[in-house]
1. For the range 147-183, list residues with backbone N below 14 Å from a point placed 7 Å from the Cα of Asn207 toward its Cβ?
2. Which net charge results for the neighbourhood of Thr202, defined as the other residues with beta-carbon distances under 15 angstrom from its beta-carbon, given Lys and Arg at +1 and Asp and Glu at -1?
3. How much length is gained if the chain between Glu95 and Arg74 is pulled fully straight, taking 0.36 nm per residue apart and subtracting their Cα-Cα distance, in nm to one decimal?
4. I'd like the orientation of helix 175-188 relative to the chain: the angle between its Cα long axis and the longest Cα principal axis, in ° from 0 to 90, rounded to 10.
5. Does anyone have the angle between helix 212-234 and the longest principal axis of the chain? Alpha-carbon axes, 0 to 90°, nearest 10?
6. Taking the Cα atoms only, what angle lies between the long axis of helix 77-86 and the longest principal axis of the chain, rounded to 10 degrees?
7. I'd like the GluC sites (Glu not before Pro) in the range 152-183 restricted to DSSP loop residues with at most 10 other Cβ atoms within 10 Å, sorted by number.
8. In whole angstrom, how far apart do the alpha carbon centroids of the range 155-214 and the range 104-133 sit?
Amino acid sequence: MIEQVAALYDKKFNCPYCENSFASKRVRSGSLSMIKRDSDFCTYFKEQSINPILYTVNVCPSCGFAFTELFTERLNPAQKRLVGERIAAKWTPKELGGNRSLSMAAAAYKLAIYAAELTDQVHSVKAGLYLRLAWLYRFTENASEEKRFLQIAVNEYEQSYIHSDYTRGDKEMSEVRVLYLIGELMRRIEQYDKAIQYFSRTLEFRNRTVETGILQMAQDQWAQAREDYKEQQKGLPSAKIS
């Protein structure tokens, strides 16, 4: 088993609100051994305690402002005022930059989601936070909370697609990938008719994208969504989602 001490290292950050300099843990990529990846890109590692998503969010110990490296680097005066009133003024200084459990990571994501809403981060950034929070609940087999946050995530991804901000939040998020992900999240929250529509739009990229793996996944999940939809229309329980 990989020791956390060897797998983690400190990375320095400056808080966008109070400009305090602090350290937060990151995972050395060479320490990771992947076991599997779900159809919505949730990744499992041999040592889940060093799954990188546990350490994506940085929480300033001084003021409580939580952010990721995808947040805008500067806050405008109105945003700073809101953060000061609603986060910093209520914060009791504490350190969240060390080793994290699943519950600690979930708390960090909720702080970042609140901060993202207050500071008008782009939809794709908020979508990524909600999706990863849903994954944390998946790891703990809390299906109701997982589904709740998947619902919010897919709404944000739809807005991200409408406003074309998905490339600003994640450089790896292409148009074909965001269409596929919306379809897959729709399938997971049992909105099968919408899932079929988004998978069909993804498949329209045949001969227009090098992301052939995404197209194959879209084909497979389109077929699954059709079966799920037929069962739903008959009033039968849908297939187990994995």
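Laboratory data are not the source of any read-out in this text; all were calculated from the coordinates shown. Keep in mind that this is a model prediction, so the values were computed, not measured. Cβ atoms come from the backbone with ideal geometry, glycine included; neighbour counts cover every protein chain shown.
1. none
2. On the way: positive: Arg177, Arg187, Lys194, Arg201, Arg206, Arg208, Arg226; negative: Asp40, Glu158, Glu175, Glu184, Glu204, Glu211, Asp220.
Net charge in that neighbourhood comes out at 0.
3. 5.3 nm
4. Roughly 80 degrees, rounded to the nearest 10.
5. The helix 212-234 is inclined about 70 degrees to the chain.
6. The angle comes out near 80 degrees.
7. Details: sites: Glu156, Glu158, Glu172, Glu175; in loops: Glu172.
Those that pass, being in a loop and sparsely packed, are Glu172.
8. 20 Å
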